[in-house]
Amino acid sequence: VPLLTLVLWVSCFTAAVAFVWEGAALISGHALAPLVWLIDSAAGAVTSVPGSYWRVAVPGAMSVASYFGGVGAAWYGVRRGMDPRRWGTVLALGLAGALIFWRPWTPEPEIVVLDVGHGDAIFVRAPSGQTLLVDGGDAGRFVDMGERVVEPFLRSRQVSRLDYVAVTHAHSDHIGGLFHVLERFDVGRVVLPATPSGEDIEASFIALCETQGVPVQRAHRGMRIPLEGSPATVMHPPRDWAGSDSLNDDGLVLRLDWPGGAILLTGDVESSAEAAMADLVLNAEVMQAPHHGSDTSSTAPFIDAVEPEAVFVSTPGPPILNDSVLRRYGARGIPVWRTDLHGGLRLTRGEDGFTITSAREERGTLPSGVGP
């Protein structure tokens, strides 16, 4: 608390001085770094003690309603002088309901595209309940998307174990956040592309897998991640893939066969990999726009081979998300869902096909005039 007080005052001073002299504001701004480091270190020292804290998921609306309903009824009973057995029973029922609704026993199958800025992180909960995480966002000097976005999301979904983690390729904006995930969650198996990247970050990640006792599997076309009821088939790279000048083209492409439909997860593949898949049966109702909507990808023949009814793209927006790519989808009447505008996206399957809902739409913060 004393350190936080210092941080707040220095922050106020920095903001005020910045209006007058930006150079002087940088001096006090940099002075915040050691203070924040001390706060982080103090918190880390406390939480390193076993049993010092519990990780719990945020309760849902029914859980909160049950809790306050029981407590409210008990408070009313006490104020009215009612028989303690009566209001005690209502209180017990309310608390029991809060615990029951806190963690649903049969979570709904879903595919969730997390908003991790420039990067990918896609969570899959199969109808069987098995889980798959495809990529984990970036991890930089100041922001780790695995810690900031992926872990809180998984906790909110009551996920303590990931059956599979798939790494599309060894670029930091895909594999970076997975280091944190691997250290915080029980992981059954890690799946990597068939061709080793030679990148230091991939070697470090494999070393962490060995330390954590997580088996690593190299995957090529035709292999499956055996999610019961919705297997993920590897469409790229083929077994004899010689590699490419672009690490993106060596990455995994997964076709998720959901009951009644399919979703194509494309990672960052570019035109060479797209051409290599031209002769395959790729048809999918929903497709991920490759490489964050960059003009290196989403070639017309590839789009026509997939014939998606809807497209989603994990992107920070223009200029990475290219206007010519958006026009290509628009010319075919394919709606595009964007994490830069819509936030996180959730896909569920109903009788009429896949339904896509966005986090910002659910929260009422979607900018006016924005649609898929």
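The values are calculated or read from the model by the stated rules, or taken from the named source; none is laboratory data. All values derive from a computational prediction rather than experimental measurement. Every residue, glycine among them, receives a Cβ derived from its backbone with ideal geometry; neighbour counts consider all protein chains shown. In case anyone asks, the SASA skips ligands and DNA or RNA and just uses the protein heavy atoms, side chains included. Shrake-Rupley method; radii C 1.70, N 1.55, O 1.52, S 1.80 Å.
Here are the numbers for the structure shown:
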quantity: Subset of segment 268-322 (residues that are more than 23 Å from Leu347 (Cβ to Cβ) and either of a type in the set (D, E, K, R) or within 24 Å of the chain's Cα centre (by Cα) (or both)); calculated: Glu270, Asp279, Asp295, Thr296, Pro318, Pro319, Asn322
quantity: Qualifying positions in segment 20-55 - within 30 Å of Ile100 (Cβ to Cβ) and either in a helix (DSSP H, G or I) or without any contact (Cβ under 8 Å) to a residue 40 or more places away in the chain (or both); calculated: Thr47, Pro50, Gly51, Ser52, Tyr53, Trp54
quantity: Out of Ala284, Ala275, Ala242, Ala305, sole residue that is more than 24 Å from Tyr164 (Cα to Cα) and assigned to a loop (DSSP other than H, G, I, E, B); calculated: Ala242
quantity: Boolean, Gly97 is in a helix (DSSP H, G or I), of a type in the set (Gly, Ala, Ser) and free of Cβ contacts under 8 Å to residues at least 24 places away in the same chain; calculated: no
quantity: Test: Arg255 is in contact with a Pro (Cβ under 7 Å, 6 or more places away or on another chain) and either at pLDDT 95 or above or open to solvent by 10 Å² or more (accessible area, probe 1.4 Å) (or both); calculated: no
quantity: Whichever residue in segment 334-352 is more than 19 Å from Asp115 (Cβ to Cβ) and in contact with a strand residue (DSSP E or B) (Cβ under 6 Å, 6 or more places away or on another chain) and, among such residues, is surrounded by the most Cβ atoms within 10 Å (Cβ to Cβ); calculated: Arg349
quantity: Hits in segment 345-362 - residues which are among the basic types (Lys, Arg) and touching a residue at least 60 places away in the same chain (Cβ under 8 Å); calculated: Arg346, Arg349
quantity: Selection count where residues are closer than 25 Å to Glu110 by Cβ and either of a type in the set (S, T, N, Q) or not in a strand (DSSP E or B) (or both), scope segment 318-372; calculated: 28
quantity: Selection within segment 168-198 - in a helix (DSSP H, G or I) and either surrounded by 24 or more Cβ atoms within 10 Å (Cβ to Cβ) or not small (Gly, Ala, Ser) (or both); calculated: Asp173, His174, Ile175, Leu178, Phe179, His180, Val181, Leu182, Glu183, Arg184
quantity: The listed residue being in contact with a Ser or Thr (Cβ under 9 Å, 6 or more places away or on another chain), part of a helix (DSSP H, G or I) and either open to solvent by less than 40 Å² (accessible area, probe 1.4 Å) or under 30 Å from Ser160 (Cβ atoms) (or both), out of Val17, Val58; calculated: Val17
quantity: Verdict on Gly51 being of a type outside the set (S, T, N, Q) and either open to solvent by less than 70 Å² (accessible area, probe 1.4 Å) or within 19 Å of Pro152 (Cα to Cα) (or both); calculated: no
quantity: Failed condition for Ala359, given (1) of a type in the set (A, V, I, L, M); (2) in contact with a strand residue (DSSP E or B) (Cβ under 7 Å, 6 or more places away or on another chain); (3) open to solvent by 20 Å² or more (accessible area, probe 1.4 Å); calculated: (2)
quantity: Some residue of segment 204-214 being open to solvent by 30 Å² or more (accessible area, probe 1.4 Å) and either part of a loop (DSSP other than H, G, I, E, B) or more than 23 Å from Asp138 (Cα to Cα) (or both); calculated: yes
quantity: Candidates Ala276, Ala310, Ala289, Ala331, filtered to the one that is at pLDDT 95 or above, under 23 Å from Met223 (Cα atoms) and either open to solvent by 50 Å² or more (accessible area, probe 1.4 Å) or of a type in the set (A, V, I, L, M, F, W, C) (or both); calculated: Ala289
quantity: Qualifying residue in segment 44-59 (condition: modelled with pLDDT of 90 or more, on the phi < 0 side of the Ramachandran plot and of a type in the set (Phe, Trp, Tyr)); calculated: no
